[in-house]
1. Would a scan of segment 79-94 turn up a residue that is closer than 21 Å to residue 45 by Cβ and among the charged types (D, E, K, R)?
2. Exactly one condition in (1) at pLDDT 90 or above; (2) among the charged types (D, E, K, R); (3) over 20 Å from the mean Cα position of the chain (by Cα) is not met by residue 215; state its number.
3. Are there any pairs with C-beta distances below 8 angstrom linking a residue in segment 106-127 that is in contact (Cβ under 8 Å) with a residue 60 or more places away in the chain and of a type in the set (Gly, Ala, Ser) to a residue that is part of a loop (DSSP other than H, G, I, E, B) and surrounded by fewer than 17 Cβ atoms within 10 Å (Cβ to Cβ), with the two at least 6 apart or on different chains, and if so which?
4. Inspect all residues belonging to segment 56-75 and state whether any of them is surrounded by 15 or more Cβ atoms within 10 Å (Cβ to Cβ), under 24 Å from residue 120 (Cα atoms) and of a type in the set (Ser, Thr, Tyr).
5. I'd like to know if segment 112-134 contains one or more residues that are among the polar types (S, T, N, Q) and farther than 23 Å from residue 36 by Cα.
6. Evaluate segment 136-154: report whether one residue or more is surrounded by 14 or more Cβ atoms within 10 Å (Cβ to Cβ) and over 25 Å from residue 8 (Cβ atoms).
7. Wholly within segment 16-117, which strands (runs of 3 or more DSSP E) include no fewer than the required count, namely at least 3 residues that are within 29 Å of residue 135 (Cβ to Cβ) and at pLDDT 95 or above?
Amino acid sequence: MAKDTYFPICLRMKGRLCTVVGGGSVAERKIRSLMDTDARIKVIAPRWTPAITKWIDEGLVLGESRVYRDGDLKGSFIVYASTDVPSVNEQVCLEAEQEGMMFNRSDQADTGDWVDPAVVRRGQLAITVSTGGASPGMAKAIQCELQQEYGPEFEEALDWLAGLRVTLKETLADPRDRQRILKELWTEDTIDQIRNGELHKLKQKIAVALEPGGK
C-alpha cells in the first residue's frame, strides 16, 4: 500500500487563529506546541485540564466551556480535532474540510492534513523529526538524542548570529563582503565550538575580520 509523503515546511503562525476542539491531555499538548508560535489559540470543550485552565485564566488562550457546535471553526487557519469522542472529531474534521481549513485528527492521524513532528526548540532554532506517523516512538527517541546534542548554548549562539547579521548590514555596504565573512565563520569546527561553549572564539574571529584590513 502506498504511503503518504508529507511536505516539511515552517508556517508563520503569528496572529493566526488556531482552534483546538477538546480539553484533555492530547489537546493540552497541541496547545502547548502552539504557544511558542504567537498564534491566537481558541479551545472548545466542556472541561479542561488544569494547565489549559491556567492558560485561559492568564489570557494566553481563549476558552469556550461547552461542546463543539457546527460553525465554531469560523476564521480558523488550522484546526485540531482532539476530543475522546470519535463522532465529534468526525464532525470537526468535516466542517474544516468543507471550509477549506487544514485539520489534524488526534484519534486518526492518517485522515488529517498533517502529523505533528517531534520538536527540539532552542530559541529561534527548531529541529523537527517526523516519521510520517509510521513510528512516533522512533521520532521521540531521535528527539531525545537531539536534545542532548543541541543544548541551550545554541539559543545563545543563534541570538548572537541574528544580531551579527544586523551589524554586518550596518557596517558593510557591499553584500559580497557580508557573505564572505559569514561564509568564513562556518567551518567544520563551528558547531563543535558552539557546543563546547566557545562562542567567544567565534566573536573574536568576527571582530578580527571587521578590523580595518582584516580578512
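1. Initially, segment 79-94 is screened for residues closer than 21 Å to residue 45 by Cβ, giving 79-94.
From what is left, the residues that are among the charged types (D, E, K, R) are 84, 90.
The answer is yes, given that some residue of segment 79-94 is closer than 21 Å to residue 45 by Cβ and among the charged types (D, E, K, R).
2. Every listed condition holds for residue 215 apart from (1).
3. Matching pairs, first to second residue: 126/10.
4. Within segment 56-75, none of the residues are surrounded by 15 or more Cβ atoms within 10 Å (Cβ to Cβ), under 24 Å from residue 120 (Cα atoms) and of a type in the set (Ser, Thr, Tyr).
5. Here is the first cut: in segment 112-134, the residues among the polar types (S, T, N, Q) are 124, 128, 130-131.
Next cut, farther than 23 Å from residue 36 by Cα only: none.
Scanning segment 112-134, I find no residue that is among the polar types (S, T, N, Q) and farther than 23 Å from residue 36 by Cα, so the answer is no.
6. Checking segment 136-154: at least one residue is surrounded by 14 or more Cβ atoms within 10 Å (Cβ to Cβ) and over 25 Å from residue 8 (Cβ atoms).
7. Values: elements: 17-21, 40-44, 62-64, 78-81, 102-105.
The strands (runs of 3 or more DSSP E) meeting that bar are 17-21, 78-81, 102-105.
Table: residues versus (1) surrounded by 14 or more Cβ atoms within 10 Å (Cβ to Cβ); (2) at positive phi; (3) of a type in the set (A, V, I, L, M, F, W, C); (4) not assigned by TED's automatic domain parsing to the domain that holds residue 46.
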| position | (1), (2), (3), (4) |
| --- | --- |
| 84 | yes, no, no, no |
| 91 | yes, no, no, no |
| 100 | no, yes, no, no |
| 105 | yes, no, no, no |
| 110 | no, no, no, no |
| 126 | no, no, yes, yes |
| 130 | yes, no, no, yes |
| 134 | no, no, yes, yes |
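The values are calculated or read from the model by the stated rules, or taken from the named source; none is laboratory data. A quick note: this is a predicted structure, and the numbers were derived from the prediction, not measured. Neighbour counts run over all protein chains shown; Cβ positions are idealised from the backbone, glycine included.
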